[in-house]
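What follows is one structure encoded as C-alpha coordinates, with my remarks underneath.
The values are calculated or read from the model by the stated rules, or taken from the named source; none is laboratory data. Treat the numbers as computed from the prediction; the structure is a model and nothing was measured. Because the Cβ atoms are built from the backbone with ideal geometry, glycine has one as well, and the counts that use them run over all protein chains shown. In case anyone asks, the SASA skips ligands and DNA or RNA and just uses the protein heavy atoms, side chains included. Shrake-Rupley method; radii C 1.70, N 1.55, O 1.52, S 1.80 Å.
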Amino acid sequence: MAVFVALGAFLMTLAGGWTAQRVTDRRHLVLGLAGGLMLGVVGLDLLPEALDAVGREVFGVPAALLLFVAGFLLAHLVERLLAARQAAHGGEEGHRHRSAEVGLTAAAALVGHSAMDGVAIGAAFQIGGGMGIAVALAVIAHDFADGFNTFTLTSLYGNARRKAIAMLVADALAPVVGAASTAFVTIPEWFLGGYLGLFAGVLLYLSAAEILPEAHHEHPARSTLLCTVAGVAFVWLVVGLAA
(Lines give C-alpha, C1' and ligand atoms only; values in the text may rest on other atoms or scores of the structure.)
Protein backbone atom coordinates (compact mmCIF):
# COMPACT_ATOMS: atom_id res chain seq x y z
CA MET A 1 0.00 0.00 0.00
CA ALA A 2 2.79 2.42 0.88
CA VAL A 3 4.54 1.83 -2.46
CA PHE A 4 1.26 2.27 -4.34
CA VAL A 5 0.58 5.59 -2.59
CA ALA A 6 4.19 6.70 -3.24
CA LEU A 7 3.45 6.47 -6.97
CA GLY A 8 1.38 9.62 -6.48
CA ALA A 9 4.54 11.37 -5.29
CA PHE A 10 6.32 10.02 -8.39
CA LEU A 11 3.77 11.63 -10.71
CA MET A 12 3.67 14.91 -8.78
CA THR A 13 7.47 15.22 -8.88
CA LEU A 14 7.48 14.75 -12.65
CA ALA A 15 4.74 17.37 -12.96
CA GLY A 16 6.88 19.88 -11.04
CA GLY A 17 9.91 19.22 -13.24
CA TRP A 18 7.81 19.46 -16.42
CA THR A 19 6.51 22.84 -15.28
CA ALA A 20 10.05 24.10 -14.69
CA GLN A 21 11.03 23.03 -18.22
CA ARG A 22 8.09 24.72 -19.92
CA VAL A 23 8.68 28.23 -18.56
CA THR A 24 12.32 28.73 -19.59
CA ASP A 25 11.43 32.01 -21.32
CA ARG A 26 10.56 33.39 -17.88
CA ARG A 27 13.71 32.16 -16.16
CA HIS A 28 13.77 34.91 -13.55
CA LEU A 29 10.22 34.04 -12.50
CA VAL A 30 11.10 30.34 -12.30
CA LEU A 31 14.10 31.11 -10.09
CA GLY A 32 12.07 33.48 -7.92
CA LEU A 33 9.41 30.81 -7.42
CA ALA A 34 12.02 28.11 -6.76
CA GLY A 35 13.71 30.29 -4.14
CA GLY A 36 10.41 30.88 -2.40
CA LEU A 37 9.49 27.20 -2.47
CA MET A 38 12.86 26.26 -0.99
CA LEU A 39 12.62 28.95 1.70
CA GLY A 40 9.12 27.77 2.62
CA VAL A 41 10.15 24.11 2.73
CA VAL A 42 13.08 24.97 5.04
CA GLY A 43 11.27 27.24 7.49
CA LEU A 44 7.80 25.71 7.50
CA ASP A 45 8.40 22.02 6.89
CA LEU A 46 11.94 20.68 7.40
CA LEU A 47 13.04 22.61 10.49
CA PRO A 48 9.85 22.01 12.52
CA GLU A 49 10.04 18.28 11.70
CA ALA A 50 13.72 18.14 12.60
CA LEU A 51 13.16 19.88 15.93
CA ASP A 52 10.33 17.48 16.78
CA ALA A 53 12.35 14.40 15.85
CA VAL A 54 15.61 15.40 17.59
CA GLY A 55 14.69 16.57 21.06
CA ARG A 56 18.16 16.61 22.62
CA GLU A 57 20.33 19.69 23.08
CA VAL A 58 24.09 20.13 22.73
CA PHE A 59 25.55 22.82 25.00
CA GLY A 60 22.20 24.59 25.31
CA VAL A 61 21.31 24.50 21.59
CA PRO A 62 18.91 22.01 19.93
CA ALA A 63 20.94 19.44 17.99
CA ALA A 64 18.72 19.93 14.94
CA LEU A 65 19.64 23.62 14.79
CA LEU A 66 23.34 22.84 15.09
CA LEU A 67 23.03 20.46 12.14
CA PHE A 68 21.06 23.15 10.28
CA VAL A 69 23.94 25.60 10.67
CA ALA A 70 26.41 22.85 9.76
CA GLY A 71 24.47 22.17 6.56
CA PHE A 72 24.57 25.85 5.61
CA LEU A 73 28.33 26.04 6.23
CA LEU A 74 28.91 22.76 4.40
CA ALA A 75 27.14 24.03 1.28
CA HIS A 76 29.14 27.27 1.44
CA LEU A 77 32.41 25.37 1.87
CA VAL A 78 31.72 23.02 -1.04
CA GLU A 79 30.84 25.89 -3.36
CA ARG A 80 33.96 27.87 -2.40
CA LEU A 81 36.23 24.85 -2.85
CA LEU A 82 34.79 24.12 -6.29
CA ALA A 83 35.08 27.78 -7.30
CA ALA A 84 38.72 27.86 -6.16
CA ARG A 85 39.43 24.70 -8.13
CA GLN A 86 37.90 26.22 -11.26
CA ALA A 87 39.94 29.39 -10.82
CA ALA A 88 43.14 27.33 -10.47
CA HIS A 89 42.35 25.62 -13.77
CA GLY A 90 41.72 28.88 -15.59
CA GLY A 91 37.99 29.17 -15.03
CA GLU A 92 36.36 32.55 -14.51
CA GLU A 93 35.33 33.02 -10.92
CA GLY A 94 33.84 36.43 -11.65
CA HIS A 95 30.40 37.07 -13.01
CA ARG A 96 29.04 34.40 -10.65
CA HIS A 97 30.66 31.55 -12.60
CA ARG A 98 28.93 28.37 -11.48
CA SER A 99 30.15 24.84 -11.02
CA ALA A 100 28.10 22.06 -12.56
CA GLU A 101 29.08 19.82 -9.63
CA VAL A 102 27.27 22.12 -7.19
CA GLY A 103 24.04 21.75 -9.14
CA LEU A 104 24.34 17.97 -9.30
CA THR A 105 25.20 17.75 -5.60
CA ALA A 106 22.23 19.91 -4.65
CA ALA A 107 19.91 17.86 -6.86
CA ALA A 108 21.30 14.66 -5.33
CA ALA A 109 20.48 16.05 -1.88
CA LEU A 110 16.90 16.64 -3.05
CA VAL A 111 16.77 13.04 -4.31
CA GLY A 112 17.92 11.88 -0.87
CA HIS A 113 15.23 14.01 0.74
CA SER A 114 12.59 12.48 -1.53
CA ALA A 115 13.78 9.00 -0.56
CA MET A 116 13.32 9.99 3.09
CA ASP A 117 9.80 11.15 2.19
CA GLY A 118 9.11 7.64 0.94
CA VAL A 119 10.52 6.21 4.17
CA ALA A 120 8.17 8.52 6.09
CA ILE A 121 5.20 7.18 4.10
CA GLY A 122 6.19 3.57 4.78
CA ALA A 123 6.79 4.21 8.48
CA ALA A 124 3.43 5.96 8.81
CA PHE A 125 1.62 3.00 7.24
CA GLN A 126 3.31 0.75 9.80
CA ILE A 127 1.58 2.82 12.48
CA GLY A 128 -1.82 2.77 10.77
CA GLY A 129 -3.67 3.30 7.51
CA GLY A 130 -5.06 6.70 8.49
CA MET A 131 -1.66 7.98 9.51
CA GLY A 132 -0.15 6.66 6.28
CA ILE A 133 -2.70 8.42 4.10
CA ALA A 134 -2.21 11.72 5.96
CA VAL A 135 1.58 11.63 5.59
CA ALA A 136 1.29 10.52 1.95
CA LEU A 137 -0.96 13.46 1.08
CA ALA A 138 1.51 15.89 2.64
CA VAL A 139 4.42 14.32 0.74
CA ILE A 140 2.55 14.25 -2.57
CA ALA A 141 1.53 17.89 -2.21
CA HIS A 142 5.06 19.20 -1.68
CA ASP A 143 6.74 16.84 -4.17
CA PHE A 144 5.63 19.21 -6.92
CA ALA A 145 8.02 21.74 -5.39
CA ASP A 146 10.74 19.08 -5.11
CA GLY A 147 10.50 18.24 -8.80
CA PHE A 148 10.43 21.90 -9.74
CA ASN A 149 13.51 22.65 -7.64
CA THR A 150 15.45 19.56 -8.78
CA PHE A 151 15.20 20.47 -12.45
CA THR A 152 15.80 24.18 -11.77
CA LEU A 153 18.89 23.62 -9.61
CA THR A 154 20.51 21.17 -12.03
CA SER A 155 19.93 23.49 -14.99
CA LEU A 156 20.94 26.67 -13.14
CA TYR A 157 24.49 25.43 -12.63
CA GLY A 158 25.09 24.79 -16.33
CA ASN A 159 24.33 21.08 -16.55
CA ALA A 160 22.98 19.67 -19.81
CA ARG A 161 19.22 19.20 -20.11
CA ARG A 162 19.59 15.40 -20.19
CA LYS A 163 21.31 15.51 -16.79
CA ALA A 164 18.54 17.69 -15.39
CA ILE A 165 15.94 15.22 -16.68
CA ALA A 166 17.92 12.28 -15.26
CA MET A 167 18.03 13.92 -11.83
CA LEU A 168 14.31 14.68 -12.09
CA VAL A 169 13.50 11.03 -12.85
CA ALA A 170 15.72 9.93 -9.95
CA ASP A 171 13.90 12.36 -7.66
CA ALA A 172 10.55 11.01 -8.82
CA LEU A 173 11.58 7.38 -8.22
CA ALA A 174 13.14 8.10 -4.82
CA PRO A 175 9.87 8.15 -2.77
CA VAL A 176 8.85 4.80 -4.26
CA VAL A 177 12.22 3.27 -3.38
CA GLY A 178 12.10 4.82 0.10
CA ALA A 179 8.62 3.47 0.75
CA ALA A 180 9.64 0.00 -0.42
CA SER A 181 12.70 0.01 1.85
CA THR A 182 10.56 0.25 4.98
CA ALA A 183 9.50 -3.35 4.42
CA PHE A 184 13.06 -4.37 5.31
CA VAL A 185 14.65 -1.55 7.36
CA THR A 186 13.48 0.73 10.16
CA ILE A 187 15.35 4.05 10.36
CA PRO A 188 15.55 5.67 13.84
CA GLU A 189 13.56 8.87 14.22
CA TRP A 190 16.57 10.76 15.62
CA PHE A 191 18.56 9.95 12.48
CA LEU A 192 15.80 11.21 10.21
CA GLY A 193 15.52 14.39 12.26
CA GLY A 194 19.26 15.02 12.08
CA TYR A 195 19.24 14.52 8.33
CA LEU A 196 16.34 16.96 7.92
CA GLY A 197 18.20 19.62 9.93
CA LEU A 198 21.37 19.24 7.87
CA PHE A 199 19.46 19.24 4.60
CA ALA A 200 17.50 22.34 5.62
CA GLY A 201 20.78 24.26 6.07
CA VAL A 202 21.96 23.25 2.59
CA LEU A 203 18.67 24.32 1.03
CA LEU A 204 18.67 27.67 2.82
CA TYR A 205 22.17 28.44 1.52
CA LEU A 206 21.22 27.57 -2.05
CA SER A 207 18.05 29.64 -1.85
CA ALA A 208 19.46 32.75 -0.15
CA ALA A 209 22.99 32.83 -1.59
CA GLU A 210 22.44 31.44 -5.07
CA ILE A 211 18.93 31.19 -6.47
CA LEU A 212 17.32 34.42 -5.25
CA PRO A 213 20.31 36.66 -6.13
CA GLU A 214 20.37 35.08 -9.60
CA ALA A 215 16.63 35.62 -10.00
CA HIS A 216 17.01 39.37 -9.39
CA HIS A 217 20.36 39.76 -11.18
CA GLU A 218 18.99 40.54 -14.65
CA HIS A 219 15.31 41.11 -13.89
CA PRO A 220 14.86 42.96 -10.57
CA ALA A 221 11.09 43.09 -11.12
CA ARG A 222 8.17 43.04 -8.73
CA SER A 223 6.86 39.95 -10.51
CA THR A 224 9.97 38.03 -9.43
CA LEU A 225 9.46 39.06 -5.81
CA LEU A 226 5.79 38.09 -6.02
CA CYS A 227 6.77 34.65 -7.31
CA THR A 228 9.06 34.22 -4.30
CA VAL A 229 6.29 35.19 -1.89
CA ALA A 230 3.90 32.89 -3.76
CA GLY A 231 6.35 30.00 -3.36
CA VAL A 232 6.48 30.49 0.41
CA ALA A 233 2.70 30.87 0.59
CA PHE A 234 2.20 27.65 -1.38
CA VAL A 235 4.32 25.65 1.06
CA TRP A 236 2.49 27.25 3.99
CA LEU A 237 -0.83 26.20 2.44
CA VAL A 238 0.37 22.64 1.92
CA VAL A 239 1.69 22.39 5.48
CA GLY A 240 -1.53 23.85 6.89
CA LEU A 241 -3.77 21.49 4.93
CA ALA A 242 -1.67 18.50 5.95
CA ALA A 243 -1.67 19.40 9.65
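A few points about this structure:
- In terms of packing, defined here as the mean over residues of other Cβ atoms within 10 angstrom, the peptides 155-168, 101-114, 40-53 line up highest first as 101-114, 40-53, 155-168.
- For the range 1-74, the per residue solvent-accessible surface stands at 52 Å², with DNA, RNA and ligands left out and a 1.4 Å probe.
- Surface composition of the range 9-49: carbon and sulfur atoms hold 65% of the protein heavy-atom accessible area at a 1.4 Å probe.
- Å² of accessible area per residue within the range 192-231, as computed with a 1.4 Å probe and no ligands counted: 43
- Here the Karplus relation 6.51 cos²θ - 1.76 cosθ + 1.60, evaluated at θ = phi - 60°, turns the backbone of the range 175-182 into coupling constants of x, 5, 5, x, 5, 5, 5, 5 Hz, with x for every Gly and Pro.
- Carbon + sulfur, % of accessible area of the range 142-243 - ligands and nucleic acids excluded, 1.4 Å: 73
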